[in-house]
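First up is the structure itself, then whatever we jot down about it.
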Amino acid sequence: MKRIITATVQNRSGVLNRVTGMMVKRQFNIESISVGPSETEGISKMTFVVEVSDDQKLEQLTKQLNKQIDVLKVTDITDKAIVARELALIKVGSSSQNRAEIQGVITPFRASVIDVSKDSLIIQVTGNPEKIDALIDLLRPYGIKELTRTGVTAFQRGRQPENVQEMNALIF
Amino acid sequence: MKVEAKPKELAVEKKTTTGADVFIRSLVDADVDTVFGYPGGAVLPIYDALYRANAPFQHILCRHEQGLIHAAEGYARVTGKPGVVIATSGPGATNLITGITDAMMDSLPVVIFTGQVGTGVIGTDAFQEADIIGITTPITKYNYQVTDLKQLPRIVKEAFHIASTGRPGPVVVDIPKNISQEITVDEFDTAFHLPGYQPTVKPNPLQIRKLADALSRSERPLLLAGAGVLFADAAKELKVFAEKYQLPVTTTLLGLGSFPGTNELSLGMAGMHGTYTANMAIYECDLLINIGARFDDRLTGAIKHFAPNAKVAHIDIDPAEIGKNIKTKIPVVGDAKEALKQLLDVNAKITNHDEWLQSLNSKKEDYPLWYDRSEELISPQWLIEQVYEVSNGEAIVTTDVGQHQMWAAQFYKFDSPDKWVTSGGLGTMGFGFPAAIGAQLGRPDELVVSIVGDGGFQMTLQELSVIKERNLPVKVIIINNEALGMVRQWQEKFYEERYSESLLTENPDFIKLAESYGVKGVRVDKEENVPRVLEDVFSYDGPVVVDCRVVKRECVFPMVAPGAGNHEMIGVTK
Ligand SMILES: Cc1ncc(C[n+]2csc(CCOP(=O)(O)OP(=O)(O)O)c2C)c(N)n1
Ligand SMILES: [Mg+2]
C-alpha cells in the first residue's frame, strides 16, 4: 500500500543521508522524497511516498524514523485530509505545426509552457501525482525528450472532515 | 614552566590552548578514566596535547585499531560506562568498522573519536582521507564531524550522552586536523538540547496494568530476559519479580547473568544452542514476557513456530524493537528497571501454576545439557565446567565466537550480572581477547578469563603486547580443537562432512608465541591435569595463555537446525 509520511527534522548535516540510508538498509520502498526548509529556522520538512506491504512494516517505518536522533516528528498523513502537490518539467518534441495542439492538451491541466525552441517545448505542471501521470501519458505520443519530477510534498488541511477517504481517493 | 595540576586541572597554559587541548579537557569533563587509542597523522595534535596535559586518565595503546574498539566494548560491558576510542583518519578509522558494527548490534555505549584530514581538503581524496561519516552512518547511533572548534566541547558532551542513554550504542566524532590545531582562548558553551532524542524511561502505567492483568490470568507464564535488563541495572528487580510470582526465566545469549543461572526458576539460555527446557517453555507458554531482548533470529528459530500459544508482552526502551520480528499484544516502552518496579508495585494476583513449573522441572531433569566425556583427552564442555568450578563461578568471562562461545554460554552458570562479555549480534571473531583487556581495565580486581578458539584468537592476538606491557592478569584459555570448529560442525551436519577450509592443521605453537610476547604460556592436554593447571593459572599474578588441547570432533548440542522451530531441537539426548 502507498503511504505519505512526513517528518520534521533538525537541519543537522547528514540527516537526509541517515534517514534514506536507514530506509534502504531496512528495505523500505521509497517512491519519492522531497525535502526543504520549514516555517521554523533550522527545521526541515521531509515528505516520503513509500510502498509498504502491511501494517507491521508501516509501523516499523514510522518507529525507525522516530528513532533517528534528528527526527522531531513523524506523521503518516495518508488517512488525513491533505493537499499533496508535485511539480514536473516535461520537454516534448514539437514543431510549429503541433504547438497549438499541445497547448490544447495541457490547458485543462493548468500546465504552462515555459520554454519554446524550434523542435521542443518545456511544460511545467503542478498537481497531485495522478494528474501529472495523466498529463505525461497524453504527451507521450509527441515524444518526451526529458522529464523530471520533484516528488510529492504534502500538508494536512486546516480542517479535518469526518470522511476523508473519499477526498483522498482523488490523490491516489 | 609546568603548572601544578590540581585534581581535574590540566597542565596547559591558557594562551596556547589548542583545539586538541580543548578536546582533552572535554574527555576529563566526561569523567573518562581510560582511553583506548592509536596515533597517526591526523591525530598528532591530539597526541601532543595528551603528552603535555598529564591527563588524569590512562591511555591504552592496543596494537591494532580493532583491538581498541573491542577493548572499549569489553570495558563498557562490565562497567556500564562508555568505552572511549581514539584513532587516526583513513585506515585507523576504517580498522574500527567491525567493532563499531559489533557495538551497534549489541547496544554497547562506545564513543569513538577519529582524526580527519583538514577541512580545507575534505572531499579531495587527500592522503588518509576516508569518508568516515558516510561509512559509519548505518552502524552508529549517531555521528558528528566537527567543523567549528566552538562546538567541539558541546559535541563531545552530546556524544557521551547519546551513547550512554536510552538504548546505548556507538557514537563517532570525526575531528579534522585543523580543528585540533587551532589556537583558541574562547570559553565554550556546552549546553545542549536534543528535542528529537527523549528516550521514554518511565513506562505507561496503563500498559503495566495490562501486563499485570495478563499475568494474573496466565497458567503458563514465562520470562525472557535480555541484555536490556543488564543495561538498566535491573537484575535485582528481575529476581524479586520472578520469585514473587514464581515465574520461570530463560535468557538470551547476551542476557546471561541477568538472572542467576543456578536459581531454581532458571531454565538457562534459549535459542539455537539453548536448553531443551527453555525452548520448549517458549513453545508451550501462554504468556511470554520479554524484558529487554530483541527477538533475534538465533533466539526465535523459525518465526512461525515461535511461542505459538503465547500472548507476547515486550518491555523495551527502544520502541522500534517492539513488534519488529514478533507480533506483540502488550507493548511496554520503557527502562527495564522502571518497568519491573512498577510491575512489583501493581501487586497482581499471584496465581498458582505449580503444574507448569513441575513440567518444566521434569524436563530439566530428563533433558539436561549433555556431552560425551572422554576418558583421557579433554572434552571442551567438561573443561568449561572446570573453569566454572575453579573460578568459583565468579570470573568475568569473555569469549570469542564459535563452539567455545556456545559451550561457555551453556556450562558457565552466571549468577551475577555484567560478568559475561560476548559478541552476540554480529558474532565477531577476534572479539574475545581484546574485550578481556577492556574488562580487566574496567574491573581491575576481578578475575578475567578469556575463552577463545584457536581460530579467533589468531585474529587479534597481537594484543598480547598490551597485557604484557600493562601486566594485566587476563587468563586466556584457548579451546584448541585445531579447527574453525563451528564451521566444521555445520559442514559435518549440513554439508556431508565436506570440511572445506575449516581445519587448522598449521596452528602456531601458542606457548612459544605467548613467550615471545613475554607472557607465560601453559599447555594442557590431559584431563587429569586440568584442575591443577587451572588453579595455578588463576592464582598466578599476571597474564597467562593456556593452550588447551580438546577433543576435536565435539559438536555443540542441542541445536535448532537452520529453518527449524525451537521445538524441533536435534541432539537433545545422547
Ligand atoms: C570475523 C569472522 N569471520 C568469520 C566468521 C565465521 N565463523 C564463525 S565461528 C567460526 C569458527 C571459529 O573457530 P575458532 O575460533 O577456532 O572457534 P571454535 O568454533 O573452534 O570454538 C567462523 C570461521 C566469524 N564469525 N567472524
Ligand atoms: Mg577452534
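The values are calculated or read from the model by the stated rules, or taken from the named source; none is laboratory data. Everything quoted here is computed from the prediction, not taken from an experiment. Cβ placement follows ideal geometry from the backbone for every residue including glycine, while neighbour counts extend to all protein chains displayed. The accessibility values were calculated without ligands, DNA or RNA, using every heavy atom of the protein model including side chains. Shrake-Rupley method; radii C 1.70, N 1.55, O 1.52, S 1.80 Å.
Table for the structure above
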{"item": "Counted residues, segment B:399-420 - those being away from ligand 2 (no atom under 16 Å from the Cβ) and polar (S, T, N, Q)", "result": "2"}
{"item": "Residue within segment A:96-111 that is under 16 Å from the mean Cα position of the chain (by Cα) and either without any contact (Cβ under 8 Å) to a residue 24 or more places away in the chain or away from chain B (no Cβ under 14 Å) (or both) present", "result": "no"}
{"item": "Candidates B:486, B:429, filtered to the one that is without any contact (Cβ under 8 Å) to a residue 60 or more places away in the chain and of a type in the set (A, V, I, L, M)", "result": "B:429"}
{"item": "Failed item in (1) open to solvent by 60 Å² or more (accessible area, probe 1.4 Å); (2) under 30 Å from residue A:12 (Cβ atoms); (3) more than 14 Å from chain B (Cβ to nearest Cβ); (4) of a type in the set (D, E, K, R), with residue A:57 passing the rest", "result": "(3)"}
{"item": "Set A:30, A:69, A:4, A:43: member being within 11 Å of another protein chain (Cβ to nearest Cβ) and either in contact with a helix residue (DSSP H, G or I) (Cβ under 7 Å, 6 or more places away or on another chain) or closer than 14 Å to residue A:151 by Cα (or both)", "result": "A:69"}
{"item": "Qualifying residue in segment B:503-514 (condition: part of a helix (DSSP H, G or I), among the hydrophobic types (A, V, I, L, M, F, W, C), within 10 Å of ligand 1 (Cβ to nearest atom) and surrounded by 16 or more Cβ atoms within 10 Å (Cβ to Cβ))", "result": "no"}
{"item": "Given (1) touching a residue at least 24 places away in the same chain (Cβ under 8 Å); (2) of a type outside the set (Ser, Thr, Tyr); (3) away from ligand 2 (no atom under 16 Å from the Cβ), number of the condition residue B:366 does not satisfy", "result": "(1)"}
{"item": "Residue B:530 vs. criteria open to solvent by less than 40 Å² (accessible area, probe 1.4 Å), more than 16 Å from ligand 2 (Cβ to nearest atom), more than 14 Å from chain A (Cβ to nearest Cβ) and not small (Gly, Ala, Ser)", "result": "yes"}
{"item": "Of all residues making up segment A:13-23, the number that are out of contact with any helix residue (DSSP H, G or I) (no Cβ under 9 Å at 6 or more places or on another chain) and either away from every other protein chain (no Cβ under 13 Å) or open to solvent by 50 Å² or more (accessible area, probe 1.4 Å) (or both)", "result": "1"}
{"item": "Filter result for the condition that a residue is within 14 Å of chain B (Cβ to nearest Cβ), closer than 23 Å to residue A:31 by Cβ and of a type outside the set (A, V, I, L, M), over A:80, A:91, A:63", "result": "A:63"}
{"item": "Number of positions in segment B:471-495 that are in contact with a helix residue (DSSP H, G or I) (Cβ under 8 Å, 6 or more places away or on another chain) and away from ligand 1 (no atom under 14 Å from the Cβ)", "result": "4"}
{"item": "Qualifying residue in segment B:458-478 (condition: surrounded by 19 or more Cβ atoms within 10 Å (Cβ to Cβ), closer than 30 Å to residue B:564 by Cβ and within 13 Å of ligand 2 (Cβ to nearest atom))", "result": "no"}
{"item": "The one condition in (1) under 28 Å from residue B:570 (Cα atoms); (2) touching a Lys or Arg at 6+ places or on another chain (Cβ under 8 Å) that residue B:313 fails to fulfil", "result": "(1)"}
{"item": "Selection count where residues are surrounded by 14 or more Cβ atoms within 10 Å (Cβ to Cβ) and part of a helix (DSSP H, G or I), scope segment B:537-556", "result": "2"}
{"item": "Hits in segment B:83-100 (condition: over 12 Å from residue B:439 (Cα atoms) and not aliphatic (A, V, I, L, M))", "result": "B:88, B:89, B:90, B:91, B:92, B:94, B:95, B:98, B:99"}
{"item": "Single condition residue B:340 does not satisfy, out of (1) surrounded by fewer than 19 Cβ atoms within 10 Å (Cβ to Cβ); (2) not in a loop (DSSP other than H, G, I, E, B)", "result": "(1)"}
{"item": "Number of positions in segment B:446-463 that are assigned to a helix (DSSP H, G or I) and within 15 Å of ligand 1 (Cβ to nearest atom)", "result": "8"}
{"item": "Among residues of segment B:60-84, those that are in a strand (DSSP E or B) and touching an Asp or Glu at 6+ places or on another chain (Cβ under 8 Å), counted", "result": "1"}
{"item": "Test for residue A:101: is it part of a helix (DSSP H, G or I), open to solvent by 30 Å² or more (accessible area, probe 1.4 Å) and within 30 Å of residue A:50 (Cβ to Cβ)", "result": "no"}
{"item": "Pick from segment A:106-120, criterion assigned to a strand (DSSP E or B) and of a type outside the set (Ser, Thr, Tyr), ranking: least open to solvent (accessible area, probe 1.4 Å)", "result": "A:113"}
{"item": "Failed criterion for residue B:137 (all others in (1) surrounded by fewer than 23 Cβ atoms within 10 Å (Cβ to Cβ); (2) more than 15 Å from residue A:70 (Cβ to Cβ) hold)", "result": "(2)"}
{"item": "Single residue of segment A:73-93 satisfying the filter (surrounded by 20 or more Cβ atoms within 10 Å (Cβ to Cβ) and over 15 Å from the mean Cα position of the chain (by Cα)) that is farthest from residue A:144 (Cα to Cα)", "result": "A:74"}
{"item": "Segment B:421-443, residues that are part of a helix (DSSP H, G or I), within 16 Å of ligand 2 (Cβ to nearest atom) and under 9 Å from the mean Cα position of the chain (by Cα)", "result": "none"}
{"item": "Matching residues, segment B:396-420, being within 12 Å of ligand 1 (Cβ to nearest atom), touching a residue at least 60 places away in the same chain (Cβ under 8 Å) and assigned to a loop (DSSP other than H, G, I, E, B)", "result": "B:401, B:402"}
{"item": "Number of the exception - residue B:393 against (1) away from ligand 1 (no atom under 16 Å from the Cβ); (2) in contact with a Phe, Trp or Tyr (Cβ under 7 Å, 6 or more places away or on another chain)", "result": "(2)"}
{"item": "Enumeration of residues in segment B:444-457 that are within 15 Å of ligand 2 (Cβ to nearest atom) and of a type outside the set (Asp, Glu)", "result": "B:450, B:451, B:452, B:453, B:455, B:456, B:457"}
{"item": "Tally of residues being part of a helix (DSSP H, G or I) and either within 14 Å of chain A (Cβ to nearest Cβ) or without any contact (Cβ under 8 Å) to a residue 24 or more places away in the chain (or both) across segment B:193-226", "result": "1"}
{"item": "Residues of segment B:146-192 classified as within 10 Å of another protein chain (Cβ to nearest Cβ) and either open to solvent by 60 Å² or more (accessible area, probe 1.4 Å) or assigned to a helix (DSSP H, G or I) (or both), total", "result": "3"}
